[in-house]
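*Asks:* Let me begin by handing over the structure; questions about it come next.
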Amino acid sequence: TSGRQIDITEEAITNAIVNVTIDEKPKLYLLTGHNQYSDEYLYSMQSALLSEGNEFETVDLLSKGKVPDDCDVLIITTLKEDITQAEKDYIIDYIKNGGDILLLSDPNINKLELPNFQKVLDEYGISISEGILLEGDSSRRIANYPNMILTNIGSGTSITRNLETGINLCLVTPGKIDIEDQEKLEDLNVTTEILATVSDKAFYRTDIDIDTFDKTDDDEDAPNAVVGAILTKQVDDDNNSKLLVFSNNVFATNAPIQINTQYYMYAIDLYNNQDAILNSLSYLTEREDTITIRKDIEIVD
């Protein structure tokens, strides 16, 4: 994307070692049939997951008739339409059997009716906003773009537990994760771990036709709004189901982000965006050894 050559020898050797030493490769399935983003936009994410010793497939639940029995994590990305009632039932059955989900969802700015999908999120007591977050703190955004929000997953969380430092993310026009109150969460047998928030100067916008990045009278203050979280649902005495969610999908895609007049980068390559995705799936598949910050690729002069 930059027109420069890179040396990926070390990365290739590391990934080869991972592939031959792992006892059983985790099986990841990407829900298809209703996706906003094509496979082209998710190519880098899929490639990175495969290189870390995961097995990856897409799944059409209507064709399959259930979430596959060997599914370790079901990946759900931004929807362009609601899932069917049958698919909703398949996913809830998966949850009740202790299945884990990674959800990458942009805000529902088109105000789509998604009652079946919301029933899935209701199992964990959350929803994804229709409006977008904009960052009012100039140190927590890229240049003059309040929609390019910089946030940090601090050390000591479930996806940074092996690190002495946190990992930095750049989210691209994220929404916010609305979480039910504590009483409701207790009724659902759900506990919450917050991974990432915006700053105390962030604001929330529902009218996307406003053509300024400055805060207007129609915008709402949204201090420390949640953009990343883990919801753990105790389904019985022996099993729980985890939902790891980011209220953004673009940051994990090949969407081109212009850096200057000469070149651009894919969104997934900004900051530690790729690490956040890989670490999230390492946590969900209980691969503690791969919760890390990966070495940057080397530029060949």
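The values are calculated or read from the model by the stated rules, or taken from the named source; none is laboratory data. Predicted model, so just to flag it, every value in this text is computed and none were measured. In this analysis, Cβ positions are derived from the backbone assuming ideal geometry, glycine residues included, and neighbour counts consider all displayed protein chains. The protein model used for the area step is the full one, side chains on, heavy atoms only, and it has no ligands, DNA or RNA in it. Shrake-Rupley method; radii C 1.70, N 1.55, O 1.52, S 1.80 Å.
*Asks:* If I filter segment 249-267 down to residues being out of contact with any helix residue (DSSP H, G or I) (no Cβ under 8 Å at 6 or more places or on another chain) and part of a loop (DSSP other than H, G, I, E, B), which single residue comes out as nearest to L278 (Cα to Cα)?
*Replies:* In this case the residue turns out to be N249.
*Asks:* Condition test on T191, is it surrounded by 13 or more Cβ atoms within 10 Å (Cβ to Cβ), within 30 Å of D238 (Cα to Cα) and more than 16 Å from the chain's Cα centre (by Cα)? Before the answer, list the steps.
*Replies:* Values: surrounded by 13 or more Cβ atoms within 10 Å (Cβ to Cβ): yes; within 30 Å of D238 (Cα to Cα): yes; more than 16 Å from the chain's Cα centre (by Cα): yes.
Considered against the rule, which asks whether it is surrounded by 13 or more Cβ atoms within 10 Å (Cβ to Cβ), within 30 Å of D238 (Cα to Cα) and more than 16 Å from the chain's Cα centre (by Cα), T191 comes out as yes.
*Asks:* Hey, another quick one. Taking S158, is it assigned to a loop (DSSP other than H, G, I, E, B), at negative phi and open to solvent by less than 30 Å² (accessible area, probe 1.4 Å)? Steps first, answer last, please.
*Replies:* On the way: assigned to a loop (DSSP other than H, G, I, E, B): yes; at negative phi: yes; open to solvent by less than 30 Å² (accessible area, probe 1.4 Å): yes.
Criteria met by S158.
*Asks:* Pull out all pairs, ordered by first then second residue, where Cβ-Cβ is under 6 Å, the residues are six or more apart or on different chains, the first lies in segment 220-242 and is loosely packed, with under 14 Cβ neighbours inside 10 Å, and the second is at pLDDT 95 or above.
*Replies:* Short answer, once both residue conditions are applied: E220/Y204; D221/F203; P223/D200; N224/T197; N224/D200; N239/G98.
*Asks:* Which residue is nearest to D200 (Cα to Cα), if the candidates are limited to segment 114-137 and must be of a type in the set (D, E, K, R) and not in a loop (DSSP other than H, G, I, E, B)?
*Replies:* Kept after step one, since they are of a type in the set (D, E, K, R), are these residues of segment 114-137: 119, 122-123, 130, 135, 137.
Remaining after also requiring not in a loop (DSSP other than H, G, I, E, B): 119, 122.
Details: K119: 31, D122: 27 Å.
So the residue we want is D122.
*Asks:* Let me ask something else. Sort out which residues of segment 173-188 are open to solvent by 40 Å² or more (accessible area, probe 1.4 Å) and more than 26 Å from I149 (Cβ to Cβ), and write them in order of number.
*Replies:* Q182, E183, K184, E186, D187
*Asks:* Could we say that E130 is open to solvent by less than 20 Å² (accessible area, probe 1.4 Å), under 25 Å from D214 (Cα atoms) and not hydroxyl-bearing (S, T, Y) here? Explain how you work it out, then say what you get.
*Replies:* Working: open to solvent by less than 20 Å² (accessible area, probe 1.4 Å): no; under 25 Å from D214 (Cα atoms): yes; not hydroxyl-bearing (S, T, Y): yes.
Criteria not met by E130.
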